[in-house]
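The values are calculated or read from the model by the stated rules, or taken from the named source; none is laboratory data. Everything numeric in this text was worked out from a predicted model, so none of it was measured. Ideal geometry is used to build each Cβ from the backbone, glycine not excepted, and the neighbour counts take in all protein chains shown. Heavy atoms of the whole protein, side chains included, go into the accessibility calculation; ligands, DNA and RNA do not. Shrake-Rupley method; radii C 1.70, N 1.55, O 1.52, S 1.80 Å.
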Amino acid sequence: MELTLKRTLVIDDSRAIRELLSAELKNLGVQEVVCFENGATALDYLHENPGKVDGILTDLHMPRMDGLELLHKLGEMNYQGGVIIVSAMEERIVQLAVQIALSLHVHLLGSLEKPINLERLAQLLFRLKQVRGVPVRPLELIKKRELIERLEQGHVLPYYQPKVDIQTKQITGVEVLCRLDNPERHEIISPDRFIPVAHRFGLIDLLTDTLMAQCLAEIRSLRDWDALPHDPALVSINLLPSQLYNDSLPARCTSICDHIGFDRSRVVFEITERQVLSEPAQLSTLDRLRIHGFGVSLDDFGTGYTNIRQLRELPFTEIKVDQCLIQHIVSDRVSQVVLESLIRIAAELKMTLVTEGIEDIQDYLYLEQAHHVIAQGYLISRPKPIHELERWMHAWYKEHGAANIRQIR
Ligand code: G
Ligand code: G
Ligand code: MN
């Protein structure tokens, strides 16, 4: 899906840099670029235009207010766009900047050295688009009638994307990603086209229940079911934050698991942090899911509203670091330091840490040599239906050593 950004600020005391960045950002699909010579005037502008600025590219060394002070101020004003620092960051500054970003929840997306490398600028802008972009063309949503028809005819199709321990190569679980099947038209409908419809017409709980019953039964029937690990949990299912308002959720999920004979401690619910998660009713449902034995995962971490203090207070058992922090991590010191901090925090809070969106072999190799994380991404496997998943599992174990094959027979 092609994304665009509405408005981005450039803050730099050099006119040449302002002009260069402004021109390049427009080339890369930003609709409007507004330039400032210093952080103070830019902050005034942000106060006057709340919610109107998708991203900020800022120099670090400027008269009146330096980049770190600006980061602080952005955190204090709860700025929700992305921030890119345009300056070589020394290690000490990277550490400080990441600390500010994580504790105040500023979306620090990375740094761009001078002289400006256009390929790197494009990478960082891609991240910004993933966090704040809107589609160039509106998505074609399916009709409510078609959704009901698919549900009634049982055309809900779970796709599975495996997750693996990047060091031991053990398969640790699968994320279930919902598709709708339209056999007459040989069409697989992607969730972006029907989840908003299900949400709008009050069908999302029915969709989740149907998907859950189906995927648990399918996984249960895998030949190698017993060889799959018990810790961390096995099956991840996505929920919209709004589904936590329905207080029947824990009981419904429990009854589906019990009916199929599926151990609840092997199911995790992923809840995106792209929307605020703070209402007492939502938090109480999260707690109750835990009490019923399910795991809960904070999905897309790094794109939304949760800061480190909240992370410590919420009952999550897992953090999923968003792909925008993982892609190009091999050459991105800011992402590396963010991940290092999150790994420390996850260990301290006894949470599982999953890195998602691994597409590139260089990023994979970096993670493999630097960190013990669970990894998910197209490079390991695309989401696929159950029979293809089974084939993939065999191929994976065959490639990654006898120890693992033995476990699986
Ligand atoms: O694989 P993919 O392109 O299918 O998924 C697109 C988006 O749809 C992702 O953000 C994913 O979390 C979401 N998604 C996929 N399946 C479900 C589901 O069953 N429920 C919800 N709420 N979101 C889902
Ligand atoms: O929002 P959530 O994290 O649940 O969604 C997962 C989404 O990410 C799904 O749409 C899935 O298909 C997609 N995805 C999984 N691995 C990769 C990857 O390596 N690259 C990209 N671009 N998307 C991925
Ligand atoms: Mn997810």
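Condition check ((1) in a strand (DSSP E or B); (2) open to solvent by less than 40 Å² (accessible area, probe 1.4 Å)) across all residues:
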{"site": "Leu102", "(1), (2)": "no, yes"}
{"site": "Gly110", "(1), (2)": "yes, yes"}
{"site": "Ile116", "(1), (2)": "no, yes"}
{"site": "Arg127", "(1), (2)": "no, yes"}
{"site": "Gln130", "(1), (2)": "no, no"}
{"site": "Arg137", "(1), (2)": "no, no"}
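Results for (1) modelled with pLDDT of 95 or more; (2) within 20 Å of Arg127 (Cβ to Cβ), shown as yes or no for each residue.
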site	(1), (2)
Ile11	yes, yes
Ala16	yes, no
Val33	yes, yes
Glu37	no, no
Leu43	yes, no
His47	yes, no
Asp59	no, yes
Pro63	no, no
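Screening Ile358 on (1) open to solvent by less than 10 Å² (accessible area, probe 1.4 Å); (2) under 22 Å from Val83 (Cα atoms); (3) not in a strand (DSSP E or B) shows it passes everything except condition (2). Selection of the range 1-28 for residues being surrounded by fewer than 16 Cβ atoms within 10 Å (Cβ to Cβ) and either part of a loop (DSSP other than H, G, I, E, B) or without any contact (Cβ under 8 Å) to a residue 40 or more places away in the chain (or both) yields Met1, Glu2, Asp13, Ser14, Arg15, Ala16, Glu19, Ala23, Lys26, Asn27.
Thr172 falls short on exactly one of the conditions (1) away from ligand 2 (no atom under 13 Å from the Cβ); (2) under 21 Å from the mean Cα position of the chain (by Cα); (3) at pLDDT 95 or above; (4) among the hydroxyl-bearing types (Ser, Thr, Tyr), and that condition is (3).
Remark: pairs (first residue in the range 95-110, over 11 Å from Ile84 (Cβ atoms); second residue at pLDDT below 90 and of a type in the set (Val, Ile, Thr); Cβ separation under 6 Å; 6+ apart in sequence or on different chains) = Leu102/Ile308; Ser103/Ile308.
Residues that are away from ligand 1 (no atom under 16 Å from the Cβ) and in a loop (DSSP other than H, G, I, E, B) were ranked within the range 259-275; the one that is most open to solvent (accessible area, probe 1.4 Å) is Asp263.
When residues in the range 163-193 are screened for being within 16 Å of ligand 3 (Cβ to nearest atom) and either within 21 Å of Ala213 (Cβ to Cβ) or of a type in the set (Gly, Ala, Ser) (or both), 9 of them pass. Are any of the residues in the range 202-213 within 13 Å of ligand 2 (Cβ to nearest atom) and open to solvent by 20 Å² or more (accessible area, probe 1.4 Å)? No, there is no match, as no residue in the range 202-213 is within 13 Å of ligand 2 (Cβ to nearest atom) and open to solvent by 20 Å² or more (accessible area, probe 1.4 Å).
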